[in-house]
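Right, one structure below, let's go through it.
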Amino acid sequence: MPKAQGSSPLARGSACRSCRNRKLKCDASKPVCRQCNKMNRAGECQYDDNTVKSRTQKLLEKLSQLEARLRELESENANAQASGSSQGASSTSSPESDASPPPAFPSAINALDMDDAQLAAPYAFSQSQWAQSTPSSSSSSVDLATASAVHGATMPDMTWLSSSHLSAEGANNPGFAFGVIPQPSDALPRWDPKTPLPQEHKSTLLKVFYSHRHQLWFDGDITRFDEALAQTMFLTPPHDCLLNAMYLLGCHFARSPYYSELETIFFNKTLNHITAALDASDRLVDVIEASCLLAVYLYINCRFLEGYCHAFSAARLAVGLGLHQLISGQSSPPIPIPPPQTEDEMRHRVSAFWQVFIVDRCWTIANGLPLALPDGDSNHARIKTPWPAPMPHDPVDPGNYIPALRAKSVALLERSGRISSATTRDEEYWTQHNSAEIALKRLLASLPMFVGFDPWRVQAPFVDVDLFSIHTFVHVATIHLYKDINQEEALKALRTVLSYIRQLTDPDWEYLDPTMSAVWTCAARAYIGMVAQAMTMGAHAYSLAVAEQDLDVLCNAMHAMSAYFPIAGEHAKKIEQERLSLRSAAIL
């Protein structure tokens, strides 16, 4: 019987990459095949074409351009600093900046040694310091002659990309009614994307976003997102790129079929507004925050290279604006930026920098990609920005402020991971190891206790998810430092992590830090390595059975998270593959 017309198989290699990866039948229609169009994956529909570069190739070229231009800017800035110091830099240095030496590698870790006085008042700043190196204009727009070089000379072309712990300032804000998050329903008006977003949708999506912002490391003051309060307090309104990024994540966490369909619209709107903000040199700190949110959205949906592109751009723009050295007052940033006019504005910049820092460090751990932020190799690259601190009216002890503890724990986790992967154990290795060990013990001793399940909570999450993440970061850092040196200490840290996981209930998974699966993957791999080493020494069958049960706990936790963060499912698959290899070795 003859085949129906059009049913002949495609030539090898003609199907798009998306269908090939998913082993789906592809009709090779261009620019978007029918399968990708039907599944709303237009941006992933890529073809191997000798005349057209793939999106991956374009991303890699963009990153190469960013890195090359950044090296040029850093070299020019270093030369300018050297010439300035020869003309009497000591006369321009403030006593405050001379009082403490520049932080050593990595600079964020050594800030753990700051005394209580420094932690209590980290935002004391002098506008005269900024006036020495920045324009005196108070306009929200700045000259972006070099912005495109740092954020990416081709950043405006990026439109080809496809588609709970509440802080005291938010809880006490009368402009927002925190409580049960309203679920999208048919009662809300349907939105035509060609018209402005109705206020009902804005309110719903922002409330959903606020309830999950701790997972996105968005810890700044949210007062300016209430239009009525912002006008009363004469606050600069947020840029549309940031608002649309918040709507995008609100749609993701709303878990509503209607809002899921709007994700592509808000994603593209965010990209377009980022381009407009860069072209107009408008509210660049908002651009950084929006880029971070986009990066997290892409990462958790397994779009790694796109996520890295936005995270890299946010990090380099932050460095270009000098957000990594907000209290130095010693050098001018490559991109001129007006000095902060108020302490709230300074606090906003500090919060934006640490958001960039955590996105960079956490997802570097998750994906094994190079760091985008400087790592203390030179005075220009050292991080001198103070840790996040609570609002003046906030009764929280600065030493127990969650955003600061989160940043410190992430810094230690990333540092310990690099130390553990070192191939040589020379004097420099042990110096770094001992320094990290001291910082780790000091931070662990200062952390508030994680008590686990809280029966007094009336709605999810039923554990303190912030402390859950911070304690997990610290204990996995402990595993990194001791897995090859003191396995008993490493196993103790692993069992602690497992005990935390066992206290989670079904409603808690949605509110966990999305990088938890990556951190658990690090713990699981360290555990697999220790088990493999024990097997070579003739481990008892009971010990191997216990190891299997422990790895089951980690893999099951990743699968539970994958319902909300698809990347967790990918991490679980990798660990299960490594477990299969371990079992095969045990049989042999």
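The values are calculated or read from the model by the stated rules, or taken from the named source; none is laboratory data. What you see is a predicted model, and the numbers here were worked out from it, not measured in a lab. Here the Cβ positions follow ideal geometry from the backbone for every residue, glycine too, while neighbour counts run over all protein chains shown.
If the requirement is being at pLDDT 85 or above and more than 24 Å from Glu414 (Cβ to Cβ), which of these qualifies: Pro507, Pro566?
Within the list Pro507, Pro566, the selection yields Pro507.
The rows are residues; the columns are (1) assigned to a helix (DSSP H, G or I); (2) at pLDDT 90 or above; (3) closer than 24 Å to Ala422 by Cα.
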residue: Leu481; (1), (2), (3): yes, yes, yes
residue: Ile485; (1), (2), (3): no, no, yes
residue: Glu489; (1), (2), (3): yes, yes, yes
residue: Arg495; (1), (2), (3): yes, yes, no
residue: Ser499; (1), (2), (3): yes, yes, no
residue: Pro514; (1), (2), (3): no, yes, no
residue: Ser517; (1), (2), (3): yes, yes, yes
residue: Trp520; (1), (2), (3): yes, yes, yes
residue: Arg525; (1), (2), (3): yes, no, yes
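Tally the residues that are more than 15 Å from Leu242 (Cβ to Cβ) and under 17 Å from the mean Cα position of the chain (by Cα), restricting the search to segment 266-318.
16
Taking into account only those residues within segment 527-544 that are closer than 26 Å to Ser562 by Cα and surrounded by fewer than 20 Cβ atoms within 10 Å (Cβ to Cβ), which is modelled with the highest pLDDT?
My answer is Ile528.
Pairs under 8 Å by beta carbon, first residue within 14 Å of Arg22 (Cα to Cα) and in the same structural domain as Asn21 (by TED's automatic domain parsing) in segment 42-54, partner modelled with pLDDT under 55 and part of a loop (DSSP other than H, G, I, E, B), six or more apart or different chains?
The qualifying pairs are Glu44/Ser162; Gln46/Ser54.
Pick from segment 337-367 the residues that are among the aliphatic types (A, V, I, L, M) and assigned to a helix (DSSP H, G or I): which of them is nearest to the chain's Cα centre (by Cα)?
In this case the residue turns out to be Val359.
Only one of these conditions is not met by Ser313: (1) among the polar types (S, T, N, Q); (2) part of a loop (DSSP other than H, G, I, E, B); (3) buried (at least 24 other Cβ atoms within 10 Å of the Cβ). Which number is it?
(2)
Output yes when any residue across segment 292-302 is at pLDDT below 90, out of contact with any Cys (no Cβ under 7 Å at 6 or more places or on another chain) and surrounded by fewer than 19 Cβ atoms within 10 Å (Cβ to Cβ), and no when none is.
Initially, segment 292-302 is screened for residues at pLDDT below 90, giving none.
Looking for residues that are at pLDDT below 90, out of contact with any Cys (no Cβ under 7 Å at 6 or more places or on another chain) and surrounded by fewer than 19 Cβ atoms within 10 Å (Cβ to Cβ), one finds none in segment 292-302, hence no.
Here is a check on your reading of the model: is Val474 outside any helix (DSSP H, G or I) and either within 19 Å of the chain's Cα centre (by Cα) or among the hydrophobic types (A, V, I, L, M, F, W, C) (or both)?
So Val474 fails the test.
With Pro370, Pro374, Pro386, Pro403 as the choices, which residue is under 16 Å from the mean Cα position of the chain (by Cα) and at pLDDT 85 or above?
Of the residues listed, the single one that is under 16 Å from the mean Cα position of the chain (by Cα) and at pLDDT 85 or above is Pro403.
What's the number of the condition Val410 fails, among (1) closer than 17 Å to Cys522 by Cβ; (2) of a type in the set (Val, Ile, Thr); (3) in a loop (DSSP other than H, G, I, E, B)?
Answer for Val410: the failing condition is (3).
Of everything in segment 415-467, what is farther than 22 Å from Cys522 by Cα, hydrophobic (A, V, I, L, M, F, W, C) and part of a helix (DSSP H, G or I)? Give them in sequence order.
Scanning segment 415-467 gives a single hit, Ala445.
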